[in-house]
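Student: Before anything else, here's the structure in question.
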Amino acid sequence: MFRVADGEIPRTDKSGETFTFPKLYCLSIQLLTCCQCIAVRSEYKCLFGISSNIPALPPGDFNVTHKKDVSTLVINGKRGEVYWFLFVKMDRIYQHFELPRFTEADTEALAQRHLDLPIFKAVTFSDLWANKNRATLLAMEEADFETWTWGRFVCVGDSVHKMTPNSGAGGMAAIESAAALANAIHELLFENGVERSEKLIALEEIRRAFTRFHQGRKQRASAVVQASNNLTRLQAMRGFKEMLLVHLGIPFGDDFLIHAVVMNWIGAPLLNFLPPPPRSQTASMSFDPVPPEKTISPSSRFGLSILFLILSFSCLRILKIIDTRAPAPIPTPLLGLDFFTSGPLNRSKALTSIANYGIIYAVLLFESARRGNMLSLARL
């Protein structure tokens, strides 16, 4: 433990050590959290619960149902328990001061309206509701606060970054913030791995440490909040874009979605004062707090794209497929060729055609490996 330099209310514990606390403790917490409540909003409500005795749901399965303004998330436990969520869009967007509170009658009425919602094969929501152990209906709060710290006080988790539960990232984000805060406190108490000799830590040092923690976590936490809230609207097919992605994108992008989730996991903060967990180094994607993709800014990626575009047109000109000085006929390899025709000329043209298209296919393979095989021909 450590003491704060400018505390005003001394307290002594059983061991005889004296600590100091600020007089405005309660006021500061209210200023840090409640004054930002105007940023809290809610557009969807969630009926969630636990059911059992549904043999048709295999243990370990994860099922999502998409419907206009409605979606479900069902997770099957290994001992037969089923954790389920029913997300429904409300009649309008509610602000924090007017968030609705639901009764048991509201819960029952909402469940009855969606009993025929399909879950998995012949299983419908009526099976989950009939075999429920407990269920609760709440309005889902969404918020991304700008202020996390005030003086010696700091908030983590849903108190500063509230997100919808569709992505299951809320608890993970809270743990990440706690880990980043632990790093900040460790750096405050230790220098080069050695505990500081002085027992008195100035308030300004604490403020700087908490500010570094906030700056280091804010961008990633905000991205997770936005991604989770977007996923809620995608699964509920809020608009035309979401409907298009659900019907045409998701069926062909399962590997891509998994890859995106994993990339988010391996970018989590690491406890600086502990070695990486051995299991994190033996997985198919090793833990890395700063993945290579996240170190490339959009402007750098744009510059590289322009460079590759220039190189492509240069190669095409060399191959006389494009001539900037005068129109030229397109060569035979680009129009197609009967590869089964014998003769050295046709074989030469066939190899030329393979070389031309091989470069394009190689680029697709490279990008495919980076994007969970999204661009590979096998996924199209």
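The values are calculated or read from the model by the stated rules, or taken from the named source; none is laboratory data. What you are looking at is a predicted structure, and each value in this text was computed from that prediction instead of being measured. Neighbour counts run over all protein chains shown; Cβ positions are idealised from the backbone, glycine included.
Student: Restricting to region 65-80, what's the tally of residues that are surrounded by 15 or more Cβ atoms within 10 Å (Cβ to Cβ) and in contact (Cβ under 8 Å) with a residue 40 or more places away in the chain?
Tutor: Of the residues in that region, 8 qualify.
Student: Residues being closer than 23 Å to THR232 by Cβ and free of Cβ contacts under 8 Å to residues at least 12 places away in the same chain: count how many of those fall in region 113-149.
Tutor: Count: 3.
Student: Just for region 55-113: of the residues that are over 17 Å from ASP127 (Cβ atoms), of a type in the set (Asp, Glu) and assigned to a helix (DSSP H, G or I), which one is modelled with the lowest pLDDT?
Tutor: GLU98
Student: Could you tell me which of the residues LEU274, LEU257, LEU244 is in the same structural domain as VAL156 (by TED's automatic domain parsing), more than 17 Å from ILE175 (Cβ to Cβ) and at pLDDT 80 or above?
Tutor: Answer to the check: LEU244.
Student: Let me ask something else about it. Quick check on ARG238: is it among the charged types (D, E, K, R), at pLDDT 90 or above and over 17 Å from ASN166 (Cβ atoms)?
Tutor: No; evaluated as a whole, the condition is false for this residue.
Student: Mind checking which residues of region 150-167 are assigned to a helix (DSSP H, G or I) and without any contact (Cβ under 8 Å) to a residue 40 or more places away in the chain?
Tutor: Listed by number, the residues that qualify are GLY157, ASP158.
Student: Does any residue of region 119-127 turn out to be among the acidic types (Asp, Glu) and in the same structural domain as ARG217 (by TED's automatic domain parsing)?
Tutor: no
Student: Out of all the residues in region 168-194, which are over 30 Å from VAL70 (Cβ atoms) and outside any helix (DSSP H, G or I)?
Tutor: PHE190, GLU191, ASN192, GLY193, VAL194
Student: Next question. Condition first: part of a loop (DSSP other than H, G, I, E, B), over 16 Å from TYR83 (Cβ atoms) and more than 29 Å from the chain's Cα centre (by Cα). Now tell me which residues in region 119-133 satisfy that.
Tutor: ALA122
Student: Are any residues in region 209-225 surrounded by 13 or more Cβ atoms within 10 Å (Cβ to Cβ) and either assigned to a loop (DSSP other than H, G, I, E, B) or out of contact with any helix residue (DSSP H, G or I) (no Cβ under 7 Å at 6 or more places or on another chain) (or both), and if so, which ones?
Tutor: Result: THR211, HIS214, LYS218, ARG220, SER222, ALA223, VAL225.
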